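Engineer: Supplied in C-alpha cells, the structure appears directly below.
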Amino acid sequence: MIPFSPPRIDDATIAEVTEALKSGWITTGPRTKKFEKEITKYIGCKATVAVNSWTMGMQVLLDWWGIKEGDEIIIPAYTYCASANVIVHAGAKPVMIDISKEDFNLSVDRVREAITPRTKAILAVDISGFPADYDHLMELINEPEIKSKFRGNNELQNTLGRILLLSDAAHSFGAVMNGKQAALQSDIATYSFHAVKNLTTAEGGALCFNLPEGFDHAAIYKEMCSKILHGQSKDALAKTQKGNWKYDVEEPGFKCNMTDLQAAIGLVELQRYQENLDRRKAIFQLYDFGFQNEDWAIRPLYKTDRKTSSYHLYLLRVAGITETQRDAIVQEIFEQDVSVNVHFQPLPLLTAYKKRGYQMTDYPEAYNSYANEISLPVYFNLSDDQVRTVIGAVVKAVNKVISPA
Ligand SMILES: *Cc1c(COP(=O)(O)O)cnc(C)c1O
C-alpha cells in the first residue's frame, strides 16, 4: 500500500529527540527557543511563537487581537474546519466566501463584497501550499473607502487602523510570493506542524508576526509566550533559576506551549527543508508529465510569475465527473493499494456549519472544485516508481468509472 502522507522519521530525527530526552528538559526550553529563532530566520519575519497546534495558536491570537461577539472574520468556504472553528469559539462569525476559478483560494472580488464595519480580519488560506492573493488583499484593505469603514475596538486594532490580514499557512511553509517568503505578505502567518504537514513536529504550530511599523514585536513575543502558558509572567525554565520561583498572572491565559521534544523533531525538519521542498517539486512535475496527455485531467496551478507553491498537495481534478463518480474513482484507486484523499469538503457540507445556516449552493466554485478533486500523495520518501504507480492507478480508475467497458 502506498501511504498518503507518512512523516519523515529517520535516524537524524530519533537522535535529536533522544538528545532532548536525555537533556533532562522536555517541555518548553532551549530547543523550542532555538526552533523559533530558526523559523524567524528562514521566513524573515519579525517574531515567531511556537505553539502546540495551529488551532490553539490561532485561538490565542484571536483572543489577543480582541476578537469577540459581533465581529466578523472573512474566510474561504473551501478550507479545513479548523479555520472556521476557532472563529466560532472566539464568539465571532465566520463569513464564508467562494473561491476563485483558477486556484483553490479565496476570491478577492468576493472579499470586497463581504466587508462590513464588523469585519475585523481576513483569514486567507494557502490551499495546497499555493499562496492566496495577499498583495491584492493588502491593496483592498488599504483602500481609503474600506479603511474608513473599519471600526477598531481596542488599542491594537486602532494602531493598525484597518482589517487584519491573517494567513492560514498550514500548507505553505516555504512558499514564495513576489520574490519573498509568502508569509511576509500578510500581517501574521500561522503554520501547522501536524504529522501530515510539510514540516512536522508530530503536533505543533507557529505564529509568525510581521505587523507594520508601530508594533513592538519584542513586546508581542513576550506577551504571546505568557498567553500560551496560563498568563504566567515566567515560563517553567525561568522559574528553575535560583530563587526565581515567584510569578504573577495578570489575565487568565491558555495552555498551548510547544515542548522541546516537538521542537527537536522540528529542528531536524527545518535543517533539511530545502531538500524536502525540492523532492516535492520533482513529484509535482512527474505528476504533470504523467497526466499531460489525459484530456480529462485538470492539473493544479502551482507556479505563476508572482507565486510558487510549497508543493504540499497535488490537487488533481477530473473534468466532467460528478461527486459520486469521483468517490467511485477514489475507491478504485484504493483498490489498487494507493492512498489518495480529498481536500477539502467545503465547510457548508459539514453538519456544524449547515446547522449555522451556511448553504453549499451559495459557493458554486467551492463545490465544483471539491466534487471532482482527488489529492495525490506527495512526500520526500515517495519514489519515482511509486509516483508512476500512483499515476497508473489513477488513469485506470478514471477510465473504469468514466467509460465502463
Ligand atoms: C491542518 C490544518 C489546520 C489545523 O492545524 P492543526 O495544527 O492540526 O491545528 C488549519 N488549517 C488548515 C488549512 C489545515 O490544513
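The values are calculated or read from the model by the stated rules, or taken from the named source; none is laboratory data. Being a predicted model, the structure only gives us computed values, none of them experimental. Cβ atoms come from the backbone with ideal geometry, glycine included; neighbour counts cover every protein chain shown. Please note that ligands, DNA and RNA were not included when accessible areas were found on the heavy atoms of the full protein model with its side chains. Shrake-Rupley method; radii C 1.70, N 1.55, O 1.52, S 1.80 Å.
Engineer: Computed on alpha carbon atoms, what radius of gyration and Dmax characterise segment 254-405, expressed in Å?
Structural biologist: 18.1, 59
Engineer: Which pairs break 19 Å Cα to Cα here: 41/120; 93/354; 197/281; 37/246?
Structural biologist: Correct reply: 41/120; 37/246.
Engineer: In nm², what is the average projected area of the convex hull enclosing the Cα atoms of segment 17-93? Walk me through the numbers before you get to the answer.
Structural biologist: Values: hull surface 27.6 nm².
Answer in nm², one decimal: 6.9.
Engineer: Additional query: Scan segment 9-103 for trypsin sites (Lys or Arg not before Pro) in coil per DSSP, keeping those whose Cβ has at most 14 other Cβ atoms within 10 Å, and list them by number.
Structural biologist: 68, 101
Engineer: Report, to the nearest 10°, how far helix 217-227 tilts away from the longest principal axis of the Cα atoms in the chain, using its own Cα long axis and a range of 0 to 90°.
Structural biologist: 90 degrees
Engineer: Ranking request for peptides 327-340, 102-115: highest mean number of other beta-carbon atoms within 10 Å first, then the rest in descending order.
Structural biologist: 102-115, 327-340
Engineer: Give me the percent of the accessible area of segment 245-304 that comes from carbon and sulfur atoms, probe 1.4 Å, all protein chains in place.
Structural biologist: Carbon-and-sulfur percentage of accessible area, whole number: 50.
Engineer: Dividing the convex hull volume of the alpha carbon atoms of the chain by its residue count, what do you get in Å³ per residue?
Structural biologist: Hull volume normalised by residue count: 141 Å³.
Engineer: Now a separate question. Compute the separation of the alpha-carbon centres of segment 132-182 and segment 334-367 and state it in Å as a whole number.
Structural biologist: So the two Cα centres are separated by 27 Å.
Engineer: To continue, here is another question. For the chain, just give the cysteines left without a disulfide-compatible partner, judged by no other Cys Cβ under 4.7 Å.
Structural biologist: 81, 225, 256 - these cysteines have no disulfide-compatible partner (Cβ-Cβ under 4.7 Å) in the chain.
Engineer: Taking a probe of 1.4 Å, how large is the accessible area per residue of the chain, in Å²? Provide the component values of the computation, followed by the final result.
Structural biologist: Values: 17530 Å² over 405 residues.
Counting only protein heavy atoms, the per-residue value for the chain is 43 Å².
Engineer: So how do 384, 288, 362 rank on accessible area, 1.4 Å probe, biggest first, that is with the largest at the start?
Structural biologist: 362, 384, 288
Engineer: Taking θ as phi - 60°, what are the ³J(HN,Hα) couplings along segment 171-177 by the Karplus curve (6.51, -1.76, 1.60), each to the nearest whole Hz, with x for Gly and Pro?
Structural biologist: These are the phi-based 3J(HN,Hα) values: 9, 10, 4, x, 5, 10, 9 Hz.
Engineer: Same structure, new question: Which Rg and Dmax, in Å, describe the Cα atoms of segment 175-237?
Structural biologist: So, for segment 175-237, Rg and Dmax equal 14.2, 41 Å respectively.
Engineer: Sticking with this structure for a sec: Among 380, 395, 333, whose Cα lies farthest out toward the positive end of the dipole of segment 274-402, if unit charges sit on the beta carbon of Lys, Arg (+1) and Asp, Glu (-1)?
Structural biologist: Positive-end residue among those listed: 380.
Engineer: Please report the net charge: other residues with Cβ closer than 12 Å to the Cβ of residue 360, K and R +1, D and E -1.
Structural biologist: Taking every Cβ under 12 Å from that of residue 360, the sum is -3.
Engineer: Something else: Could you derive backbone 3J(HN,Hα) for segment 254-263 from the dihedral phi with the Karplus parameters 6.51, -1.76 and 1.60 (θ = phi - 60°), listing whole Hz in sequence and x where the residue is Gly or Pro?
Structural biologist: Here the 3J(HN,Hα) series is 10, 9, 7, 6, 7, 8, 5, 5, 5, 4 Hz.
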